[in-house]
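The values are calculated or read from the model by the stated rules, or taken from the named source; none is laboratory data. In this text, all values refer to a predicted model and were calculated from it rather than measured experimentally. Methodologically, a virtual Cβ is constructed for each residue, glycine included, from the backbone with ideal geometry; neighbour enumeration extends over all protein chains shown. Accessible surface areas use protein heavy atoms only, side chains included; no ligands, DNA or RNA. Shrake-Rupley method; radii C 1.70, N 1.55, O 1.52, S 1.80 Å.
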Amino acid sequence: LVSASDFEGARQAFEEVSTIVLDLLKERGNPLAVPLRSTYCPMVGGDRGGSWLQTSEEVDNPYFGAMMRTCGEVRTTIAPGARP
């Protein structure tokens, strides 16, 4: 069994990695052959908000699991080779 604190720790680590990857994209551009979507949910981190990258056009929120899978919005589409 996994405790709620384990999930919270995983969410925090994912948020940190997402921030680093978004910063790298700003510096280097999208290295993939497919567009990336910078997606945002205002409820992440106790309503502080958080972003992540995804390839899908439909929101697929990794922070809240199945109960809030579609919470959020795609804010930017980053074409291959482009910077956000």
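Quick look at the values:
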| read-out | value |
| --- | --- |
| Residue ID - nearest to F7 (Cα to Cα), chosen from residues in the stretch 26-64 that are touching a helix residue (DSSP H, G or I) at 6+ places or on another chain (Cβ under 7 Å) and among the small types (G, A, S) | G45 |
| Pairs with Cβ under 8 Å, 6+ apart, first in the stretch 1-27 and open to solvent by 80 Å² or more (accessible area, probe 1.4 Å), second among the polar types (S, T, N, Q) and at pLDDT 85 or above | none |
| Residue in the stretch 32-61 that is surrounded by the most Cβ atoms within 10 Å (Cβ to Cβ), counting only those that are among the aliphatic types (A, V, I, L, M) and in contact with a strand residue (DSSP E or B) (Cβ under 7 Å, 6 or more places away or on another chain) | V44 |
| Enumeration of residues in the stretch 26-50 that are among the small types (G, A, S) and either at pLDDT below 95 or over 10 Å from the mean Cα position of the chain (by Cα) (or both) | G29, A33, G45, G46, G49, G50 |
| Pair list, Cβ < 6 Å and 6+ apart or interchain, from the stretch 55-84 residues that are under 27 Å from G9 (Cα atoms) to residues that are open to solvent by 90 Å² or more (accessible area, probe 1.4 Å) | V59/T70; N61/R69 |
